[in-house]
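The values are calculated or read from the model by the stated rules, or taken from the named source; none is laboratory data. What you see is a predicted model; the values in this text were computed from it and never measured. When we count neighbours, we look across all protein chains shown, and the Cβ atoms used for this are built from the backbone with ideal geometry, even at glycine.
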C-alpha cells in the first residue's frame, strides 16, 4: 500500500506538471490528483522539486523499460538480439520524451541543472534508469558499463537540452542523427527511425 501511494503521487506529479508547468501545480493539487492526504506527499517527498525529480526518474525508467521490453520477448514482433537495436531504441525512448513531453522534460532538466541544495537526486528510481542503460551498454560489449553509462547519460541529457533550449531548439532529427553517428548506429534502427514514421 505504501509503494502504491508513492507511485500514485509520482504519477500525479508527472501528469499535472506536464500539463500545467511546475509553478502552476501545488503539492495539494498533486495530493488531490493522487487521491491521498496532503501530508502523505510531504511524508514521502521533502518538497516539490525532489518529488518531480524522483517522479521523472521513475517516468523515464518506465518509458525506457516499456520500449525495451518487446526486444526481449521472442513472441513480439520487435524481438531482437542485435545490440545496436537495443541502443537505438534506448536513445529514441529517452530523447522521445523531450519531443513528446517537452514541458515536463524542460522542467526536469532545469531542476537538475539548478538544484536548490546543489545535489543531483540519486534515488532508487534514478538507479533503475541507470541499470537499464548499463544493461544496454553491456549488450554492446562494454567492459565498463558504469563509466560508459555516465558518457551516454551526458549525451542524452545534452541531446534533450539541445531540443528544448527556448528560442534555440535544434530539430530532433538533427540531434538524433548526431547521437546515432556518435555511437555508429544505422539511422534506420529504432522506433523513431524515418522508416518507422
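Only residues that are assigned to a helix (DSSP H, G or I) and modelled with pLDDT under 95: list them for region 174-197, please. Working first, answer last.
Of region 174-197, the ones assigned to a helix (DSSP H, G or I) are 174-182, 194-196.
If the condition is that a residue be assigned to a helix (DSSP H, G or I) and modelled with pLDDT under 95, then 194, 195, 196 are the ones that fit.
Which one of these is in contact with a helix residue (DSSP H, G or I) (Cβ under 8 Å, 6 or more places away or on another chain), modelled with pLDDT of 95 or more and either in a helix (DSSP H, G or I) or farther than 26 Å from residue 91 by Cα (or both): 64, 51?
Values: 51 fails: modelled with pLDDT of 95 or more.
Testing whether each residue is in contact with a helix residue (DSSP H, G or I) (Cβ under 8 Å, 6 or more places away or on another chain), modelled with pLDDT of 95 or more and either in a helix (DSSP H, G or I) or farther than 26 Å from residue 91 by Cα (or both) leaves just 64.
Can you list residue pairs whose Cβ atoms sit under 8 Å apart, with the first residue in region 168-197 being within 23 Å of residue 138 (Cβ to Cβ) and the second being exposed (fewer than 13 other Cβ atoms within 10 Å of the Cβ) and modelled with pLDDT under 95? Count only pairs 6 or more apart in sequence or on different chains.
190/196
Kindly indicate whether residue 85 is surrounded by 15 or more Cβ atoms within 10 Å (Cβ to Cβ), assigned by TED's automatic domain parsing to the domain that holds residue 132 and over 15 Å from the mean Cα position of the chain (by Cα).
On the way: surrounded by 15 or more Cβ atoms within 10 Å (Cβ to Cβ): yes; assigned by TED's automatic domain parsing to the domain that holds residue 132: yes; over 15 Å from the mean Cα position of the chain (by Cα): yes.
Criteria met by residue 85.
Which of (1) without any contact (Cβ under 8 Å) to a residue 24 or more places away in the chain; (2) under 22 Å from residue 13 (Cβ atoms); (3) surrounded by fewer than 18 Cβ atoms within 10 Å (Cβ to Cβ); (4) outside the structural domain of residue 11 (by TED's automatic domain parsing) does residue 130 not meet, given it meets every other one?
Failed condition: (3).
Before we move on, is residue 109 outside the structural domain of residue 7 (by TED's automatic domain parsing), part of a helix (DSSP H, G or I) and at pLDDT 95 or above?
On the way: outside the structural domain of residue 7 (by TED's automatic domain parsing): yes; part of a helix (DSSP H, G or I): yes; at pLDDT 95 or above: no.
In short, no.
Determine, yes or no, whether residue 33 is surrounded by fewer than 19 Cβ atoms within 10 Å (Cβ to Cβ) and not assigned by TED's automatic domain parsing to the domain that holds residue 172. Spell out how you get there, then give the answer.
On the way: surrounded by fewer than 19 Cβ atoms within 10 Å (Cβ to Cβ): yes; not assigned by TED's automatic domain parsing to the domain that holds residue 172: yes.
So residue 33 fits the description; yes.
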